[in-house]
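K.L.:
First the structure, which I've put down as structure tokens, then a few questions once you've had a look.
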2 protein chains.
Amino acid sequence: MLKKIVEWLILGALPRTLMPLTLEDIARLSGVSRSTVSRVINADSNVKDETRQKVLQVIQNINFQPNLAARGLAAGRTNIIGLVIPASVAVIFTDPYFPLLIQGVSGACNAHNHSVMLWLAEPEYERRTIRQILHNGLVDGVIVSSTLMDDPIVKSLYESKMPFILIGRHPTLDVNYLDVDNVRAAREATQHLMRLGRKRIATITGPKNQIASYDRYQGYVKGLSDRNQPVLPELVAEGDWTEAGGYTAMRRLIPHKPDAVFAANDVMAAGALSALREAQLRVPEDVAVVGFDDTPNASRTQPPLTTMRQPIQSMGSLAVETLIDIIDHPGSETRRIVVATELVIRSSCGTLKSKSEGGDDRKNPVDLSIPTLNQPYHLVGNPADENPILRRRVKNA
Amino acid sequence: MLKKIVEWLILGALPRTLMPLTLEDIARLSGVSRSTVSRVINADSNVKDETRQKVLQVIQNINFQPNLAARGLAAGRTNIIGLVIPASVAVIFTDPYFPLLIQGVSGACNAHNHSVMLWLAEPEYERRTIRQILHNGLVDGVIVSSTLMDDPIVKSLYESKMPFILIGRHPTLDVNYLDVDNVRAAREATQHLMRLGRKRIATITGPKNQIASYDRYQGYVKGLSDRNQPVLPELVAEGDWTEAGGYTAMRRLIPHKPDAVFAANDVMAAGALSALREAQLRVPEDVAVVGFDDTPNASRTQPPLTTMRQPIQSMGSLAVETLIDIIDHPGSETRRIVVATELVIRSSCGTLKSKSEGGDDRKNPVDLSIPTLNQPYHLVGNPADENPILRRRVKNA
DNA sequence: GTGAAAGCGCTAACAG
DNA sequence: CTGTTAGCGCTTTCAC
């Protein structure tokens with residue numbers, strides 16, 4: 001109380017909320033110099049413990065918050081990271097994918113004392129956005145959730161000095177990225193359907209200009225060719241990740257009598273289920289369905305969806321952590337992180353075992369391969385692991 | 001060093017991305033002073049047109065981006081707004097509500113040259129978050145999507161000098177806000193069901209500690225009492241905005257034989273539909289269902305959902321615009337904006353008209369009233385309008 | 001261990 | 001209309 005009065009006197013009885021305090025104020029109140037306060041705040045070891053305590057006390061009392069703009073200006077680092085989601089895909093906000101990703105990113109940022117700046121980059125603003133992100137000095141690094149094959153944002157970022165990481169891979173550029181092995185995952189899903197005796201396996205792909213769609217389609221193709229099955233064009237329909245798109249695609253597929261369908265995400269799989277129901281086809285008896293993502297609603301469809309789980313939220317967190325590491329270690333080598341997926345078996349595919357209890361030929365996994373990049377990478381998690389997010393380092397080739 | 005770089009630039013030999021340029025560089029290159037460049041960038045009218053062109057040219061050539069941290073520091077304004085979503089509700093990311101809101105906010109920010117900082121405030125981090133937001137000098141203002149009755153973030157914001165606007169209203173504090181009239185909307189929905197002859201109208205509410213849930217419940221109550229119907233406790237079930245929650249709530253309701261149910265959001269309504277289907281009850285023949293929000297999937301449920309539309313995305317945009325206005329005009333009076341809702345009639349409620357073609361007693365709207373605040377407010381949009389987002393000013397009382 | 005001093009890149013009076 | 005001059009609040013050498 002007495003202390004408070006003293007503070008007010010020194011501060012000229014200024015209400016705290018009226019005007020933010022500065023380092024200088026803290027310095028004055030604790031009888032040290034501005035530099036020392038700065039050192040305390042930045043956990044510099046060159047401060048006598050006694051001094052540190054004194055300063056911390058004042059900071060606490062006064063609830064001091066350093067001005068981040070000033071800090072950013074002086075230090076060249078803001079502890080803000082940018083999250084860029086191209087709007088061409090952000091439209092798909094009925095898909096829980098982006099929300100989950102955002103949650104993962106936000107959570108990790110909180111945990112690591114960073115803030116997140118969100119850009120839903122609409123096409124018209126894209127060029128401006130790119131520049132803003134690159135050189136406005138506000139973000140230390142950027143996470144780009146790019147699904148487009150040839151995203152100009154990625155190219156610009158690549159050519160700049162801005163640290164960034166891609167969620168998803170890039171077909172040509174050797175950038176830092178974090179992805180699931182979509183090819184492998186889709187292949188496994190397809191193989192699973194074949195193992196259950198399905199003969200006419202269709203697929204509903206994502207938009208063809210997106211890399212994840214491409215990879216999942218390639219996995220489907222490989223899965224078929226693993227058993228020397230041909231790819232029948234009439235059993236391939238392009239969707240747009242939405243439920244409506246999945247529905248429409250399925251309607252196009254039905255006349256060609258598929259007995260199974262692999263949808264490139266859960267939302268489209270749900271749409272496919274509607275179409276099948278409408279066509280009086282039973283799932284899984286007449287047509288088996290497998291999705292991708294294992295989004296929260298996958299277990300609530302009719303029937304519950306067998307799907308390839310990817311840990312979306314964790315991927316967001318991991319992207320943050322990796323990005324911070326990249327920022328902290330400029331010039332370090334490219335990070336290539338592949339996150340494990342896991343086939344979650346429910347009833348839509350016609351297997352009644354409620355858990356994938358191994359024991360079958362899933363023990364012979366297809367070979368891990370990043371389709372266009374034959375670079376060494378980190379594998380994060382493993383389908384066989386209990387915990388899908390234990391980091392594991394793979395020896396550099 | 002810098003001089004050398006500039007020479008290189010003039011010679012066109014240097015990759016532009018190597019080192020961010022400053023106002024000073026632009027000034028030197030265009031033969032004016034730094035202040036003039038600053039004036040050009042900030043569209044100050046006090047610049048000769050010729051000079052302006054010259055400077056703009058250089059800026060273009062060089063693709064110059066002013067450093068926002070520096071600008072923020074000097075000008076006391078960053079053109080960044082914060083969007084705060086309490087995580088207690090962010091969990092509900094399967095509900096398209098927040099994604100849509102974020103899209104609206106982001107879009108408007110892009111359009112108005114602002115950036116958005118996203119905070120999904122997790123409980124553990126809340127206190128830190130509040131302080132960070134308040135005094136780190138990084139945001140000019142804050143949009144809070146608060147649904148909790150007594151959100152500490154709102155209180156802190158209210159006590160500070162930080163400009164902010166609430167999406168949703170506040171039960172006690174006279175803060176800037178933007179909301180739909182949930183009471184009126186829910187009342188209208190309930191009345192609609194009664195008009196269709198339903199006698200045992202149930203409701204699935206949101207969590208009771210949230211203001212929107214409360215208001216919609218009040219509207220339901222008023223709707224019943226408009227026709228002197230009692231509120232039967234066994235016909236009221238609390239949900240949590242999720243599909244699973246709606247499902248569970250409906251299962252609790254079914255034994256009490258409701259012939260209609262008003263769900264406080266579409267997602268819970270969808271859950272209710274599942275429960276009804278499972279119980280072999282026909283919608284709308286046995287039980288009519290009305291939702292709230294008109295989220296993208298409302299038209300894709302089985303049967304398509306009658307629902308009270310609120311223009312979520314537009315509300316996000318409007319919040320941004322209002323906030324910017326608040327920032328630009330400090331000390332102006334409290335903004336109270338109420339956005340119109342509209343009953344979208346589909347088949348889940350048992351009316352076959354595909355459009356609400358007026359003509360009926362909907363022309364007698366219930367009285368507009370903000371439950372706890374009897375303050376003058378702006379009404380935005382009107383159920384009768386074609387365009388729900390035309391701003392209209394209501395005379396101050 | 002601590003303080004003094006020099007900026008980070010920009011805006012904003014204030015002169016002219 | 002334009003340039004000069006002070007800072008904004010912080011970090012960071014560099015002395016002591």
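The values are calculated or read from the model by the stated rules, or taken from the named source; none is laboratory data. Being a predicted model, the structure only gives us computed values, none of them experimental. Here the Cβ positions follow ideal geometry from the backbone for every residue, glycine too, while neighbour counts run over all protein chains shown.
K.L.:
Which count do you get for residues in the range B:246-270 that are assigned to a helix (DSSP H, G or I) and in contact (Cβ under 8 Å) with a residue 40 or more places away in the chain?
P.N.:
Taking the range B:246-270 and keeping what is assigned to a helix (DSSP H, G or I), we get B:246-256, B:266-270.
Imposing the further condition that a residue be in contact (Cβ under 8 Å) with a residue 40 or more places away in the chain reduces the set to B:246, B:249-250, B:253, B:256, B:266-269.
So the answer is 9.
K.L.:
Report yes if some residue within the range B:272-287 is touching a helix residue (DSSP H, G or I) at 6+ places or on another chain (Cβ under 6 Å), surrounded by 19 or more Cβ atoms within 10 Å (Cβ to Cβ) and polar (S, T, N, Q); otherwise report no.
P.N.:
Here is the first cut: in the range B:272-287, the residues touching a helix residue (DSSP H, G or I) at 6+ places or on another chain (Cβ under 6 Å) are B:272, B:274-275, B:279, B:283-284, B:287.
If we keep only those that are surrounded by 19 or more Cβ atoms within 10 Å (Cβ to Cβ) too, we end up with B:272, B:274-275, B:283-284, B:287.
From the residues that got through so far, the ones that are polar (S, T, N, Q) too are B:274.
Within the range B:272-287 (the criterion being touching a helix residue (DSSP H, G or I) at 6+ places or on another chain (Cβ under 6 Å), surrounded by 19 or more Cβ atoms within 10 Å (Cβ to Cβ) and polar (S, T, N, Q)), the answer is yes, since at least one residue qualifies.
K.L.:
If you don't mind, there's one more thing I want to ask. B:Val84 versus (1) more than 16 Å from DNA strand D (Cβ to nearest atom); (2) more than 14 Å from B:Leu138 (Cβ to Cβ): which is the lone unmet condition?
P.N.:
Single failed check for B:Val84: (2).
Quick grid of which residues meet (1) among the polar types (S, T, N, Q); (2) more than 8 Å from DNA strand C (Cβ to nearest atom); (3) facing chain A (nearest Cβ under 9 Å); (4) touching a helix residue (DSSP H, G or I) at 6+ places or on another chain (Cβ under 7 Å):
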{"position": "B:Asp49", "(1), (2), (3), (4)": "no, yes, no, no"}
{"position": "B:Lys54", "(1), (2), (3), (4)": "no, yes, no, yes"}
{"position": "B:Gln60", "(1), (2), (3), (4)": "yes, yes, no, no"}
{"position": "B:Phe64", "(1), (2), (3), (4)": "no, no, yes, yes"}
{"position": "B:Ala69", "(1), (2), (3), (4)": "no, no, yes, yes"}
{"position": "B:Thr78", "(1), (2), (3), (4)": "yes, yes, yes, yes"}
{"position": "B:Ile81", "(1), (2), (3), (4)": "no, yes, no, yes"}
{"position": "B:Val84", "(1), (2), (3), (4)": "no, yes, no, yes"}
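K.L.:
Next question, about the same structure. Taking the range A:270-296, which residues are within 14 Å of chain B (Cβ to nearest Cβ) and under 14 Å from A:Ser347 (Cα atoms)?
P.N.:
Result: A:Ala270, A:Leu273, A:Asp294.
K.L.:
Can I ask one more? Determine if the range A:217-239 includes at least one residue that is in contact (Cβ under 8 Å) with a residue 40 or more places away in the chain, within 22 Å of A:Ala270 (Cα to Cα) and assigned to a loop (DSSP other than H, G, I, E, B).
P.N.:
Looking through the range A:217-239, none of the residues is in contact (Cβ under 8 Å) with a residue 40 or more places away in the chain, within 22 Å of A:Ala270 (Cα to Cα) and assigned to a loop (DSSP other than H, G, I, E, B).
K.L.:
Condition first: within 13 Å of chain B (Cβ to nearest Cβ), crowded, with 19+ Cβ neighbours inside 10 Å and within 12 Å of the chain's Cα centre (by Cα). Can you find one or more residues in the range A:149-169 that meet it?
P.N.:
No.
K.L.:
Considering only the range B:88-109, I want to know if a residue exists there that is part of a loop (DSSP other than H, G, I, E, B) and farther than 30 Å from B:Met149 by Cβ.
P.N.:
First, the residues of the range B:88-109 that are part of a loop (DSSP other than H, G, I, E, B): B:91-96.
Add one more test, that the residue is farther than 30 Å from B:Met149 by Cβ, and what stays is none.
There is no residue in the range B:88-109 that is part of a loop (DSSP other than H, G, I, E, B) and farther than 30 Å from B:Met149 by Cβ.
K.L.:
Among the residues in the range A:312-322, are any away from chain B (no Cβ under 14 Å), out of contact with any His (no Cβ under 6 Å at 6 or more places or on another chain) and assigned to a loop (DSSP other than H, G, I, E, B)? Give the derivation first.
P.N.:
The first filter runs over the range A:312-322 and keeps only residues away from chain B (no Cβ under 14 Å), leaving A:314-315, A:318-319, A:321-322.
Checking which are out of contact with any His (no Cβ under 6 Å at 6 or more places or on another chain) leaves us with A:314-315, A:318-319, A:321-322.
Remaining after also requiring assigned to a loop (DSSP other than H, G, I, E, B): none.
Looking for residues that are away from chain B (no Cβ under 14 Å), out of contact with any His (no Cβ under 6 Å at 6 or more places or on another chain) and assigned to a loop (DSSP other than H, G, I, E, B), one finds none in the range A:312-322, hence no.
K.L.:
Given (1) at pLDDT 90 or above; (2) more than 30 Å from A:Ile312 (Cβ to Cβ); (3) not acidic (Asp, Glu), where does A:Trp8 come up short, assuming only one miss?
P.N.:
Among (1) at pLDDT 90 or above; (2) more than 30 Å from A:Ile312 (Cβ to Cβ); (3) not acidic (Asp, Glu), the lone unmet condition for A:Trp8 is (1).
K.L.:
Spot the failing condition for B:Leu118; the list is (1) modelled with pLDDT under 90; (2) away from DNA strand D (no atom under 16 Å from the Cβ), and only one is missed.
P.N.:
That leaves (1) as the condition not met.
K.L.:
Can you tell me which residue among A:Leu120, A:Leu138, A:Leu193, A:Leu134 is surrounded by 23 or more Cβ atoms within 10 Å (Cβ to Cβ), assigned to a loop (DSSP other than H, G, I, E, B) and touching a residue at least 24 places away in the same chain (Cβ under 8 Å)?
P.N.:
Numbers: A:Leu120 fails: assigned to a loop (DSSP other than H, G, I, E, B); A:Leu193 fails: assigned to a loop (DSSP other than H, G, I, E, B); A:Leu134 fails: assigned to a loop (DSSP other than H, G, I, E, B).
Residue meeting the stated conditions: A:Leu138.
K.L.:
Scanning for something more than 29 Å from A:Asp140 (Cβ to Cβ) and among the acidic types (Asp, Glu), does the range B:170-180 turn up at least one residue? Before the answer, list the steps.
P.N.:
Of all residues in the range B:170-180, those more than 29 Å from A:Asp140 (Cβ to Cβ) come to B:170-180.
Filter again for among the acidic types (Asp, Glu), leaving B:174, B:179.
There is at least one residue in the range B:170-180 that is more than 29 Å from A:Asp140 (Cβ to Cβ) and among the acidic types (Asp, Glu).
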